[in-house]
1. Students often get this wrong, so check it: of Lys42/Lys116; Lys53/Lys142; Lys115/Lys222, which have C-alpha atoms separated by over 22 Å?
2. Please list, by residue number, every one of the trypsin sites (Lys or Arg not before Pro) in segment 120-181 that is coil in DSSP and has at most 15 other beta-carbon atoms within 10 Å.
3. Using a basic spin-label model with each label point 7 Å from the Cα along Cα→Cβ, how many nm lie between Leu98 and Asn363?
4. Within 10 Å of each candidate Cβ there may be at most 13 other Cβ atoms; applying that plus a DSSP loop requirement, which GluC sites (Glu not before Pro) in segment 63-171 survive?
5. Full-extension gain between Lys115 and Ser196, please, as 0.36 nm times their residue separation minus the C-alpha to C-alpha distance.
6. For segment 321-362, what is the relative contact order in percent, using Cα pairs closer than 8 Å and at least 6 residues apart in sequence?
7. Could you work out how much longer the chain between Thr49 and Val149 gets when fully extended? Use 0.36 nm per residue separation minus the Cα distance between them, nm to one decimal.
8. Determine, for Asp83, Asp315, the number of other Cβ atoms within 10 Å of each Cβ, and report the residues in order from fewest to most.
Amino acid sequence: MKALKTWLQNKDNKVHAAGVLVLAIIALGLALWVIKNPRAAKYELVSKTGSPKIIFVEYGEPANEKDYVKYFELKRNGHVTEDLSNYSVNVEAINHELVSFQLTQAQLELAKGNKKENLTFSDEQKKIINEKSNYKIDVFDKETKLAGVVITVLVIDTKAPEIEAVGYLETEVGTPINFSEVIKASDPIDGAIEVSVEGDVNFDLARTTDLKAVAIDKHGNKTESKFKLIVKEKEVAASTAEPESNTSSNTASSNSSTPGRATTHSNPSSSNSSQSGSSSNNVIVPSSPKPSEPVKPVEPTKPAEPSKPSEPEEDIPSGMLLYKDYGNFNACAAVIDEVSDRYIREWQNSICFSDGTLYYRPN
């Protein structure tokens, strides 16, 4: 160093301009070499400020590299470098079809309410996180690996199943309903879900009961839907048997007298004289014939009344689509609020028609 300093200085202790220029060129060349040669620099993949310690992904919804890389930045020699999109990023494969572990109801409420940072885990859950939930992210410049980091990813299921709205179900006393056949529920990922019914179900009493349909998926997400069970009295068919004729009274009257004859009874002692041709006390008087009643004229048949024209069908407003046919207006009106709230983001409006059909206008 002293020799270099002696060479750069003259007798008047002045620095040679040529020597300074040489050093500047050397420094510039070295800097350019460092920039062009990644191995000559130190790279780090670090979390951005405010990034979560655990990355949550939804069950059944695959994510791409950008969904993970967005939480990190690449530093070179302690300084933030260009966007990661200029480099190749490799994320270890994550199985989105397998939930890391089932969350408790309290954990589910926090996860659904976008408060995942407040989640706390049991010792058993922490063990699963440490052993099975860590994945590698590596950044490459062409074939050269610049940096890498291990991330923690939890696959969770926060989407509850959906129950098809049922306003009410109706049956007769003594006729049970198989609820699983008429109330359907499905999970966005796993498909059909079994539905149970909670409440005082009794098909032996005529009454209206408030019940609740419940669907729970395999990860504990629960959906409830209220409906009414109407049990009606059985309808008794009208009797078609003719009333019994009063045969006994007619028989009795026929035995007591002969039609068309009047009879006067005498004492038994005078019976002999009647046989000898003398005057008799037993007199038979022929009755006068009863005049026949005139035949009533046959009334002419009334002409059939012309059928009333059917009421015109209601016009469906342009742009509206059929959601479901509930059979009648009351059934449709009973569920329209609940259905409209469920699809508040997808529908502009909805309407029930008199025939029980529910139509909606999509956004």
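Read-outs throughout are calculated quantities, based only on the coordinates presented, and are distinct from any laboratory measurement. Being a predicted model, the structure only gives us computed values, none of them experimental. When we count neighbours, we look across all protein chains shown, and the Cβ atoms used for this are built from the backbone with ideal geometry, even at glycine.
1. From the list (Lys42/Lys116; Lys53/Lys142; Lys115/Lys222), the Cα-Cα distance tops 22 Å for Lys42/Lys116; Lys53/Lys142.
2. Filter output for segment 120-181: Lys142.
3. Result: 3.6 nm between the two label points.
4. Numbers: sites: Glu65, Glu73, Glu82, Glu92, Glu97, Glu109, Glu117, Glu124, Glu131, Glu143, Glu162, Glu164, Glu170; in loops: Glu82, Glu92, Glu97, Glu143, Glu164.
Those satisfying the criteria are Glu82, Glu92, Glu97, Glu143.
5. Between Lys115 and Ser196, full extension yields 26.1 nm more.
6. Once normalised by length, the contact order is 54 percent.
7. Working: separation 100, 0.36 × 100 = 36.00 nm, distance 1.58 nm.
Taking Thr49 through Val149 to full extension adds about 34.4 nm, to one decimal.
8. Asp315, Asp83
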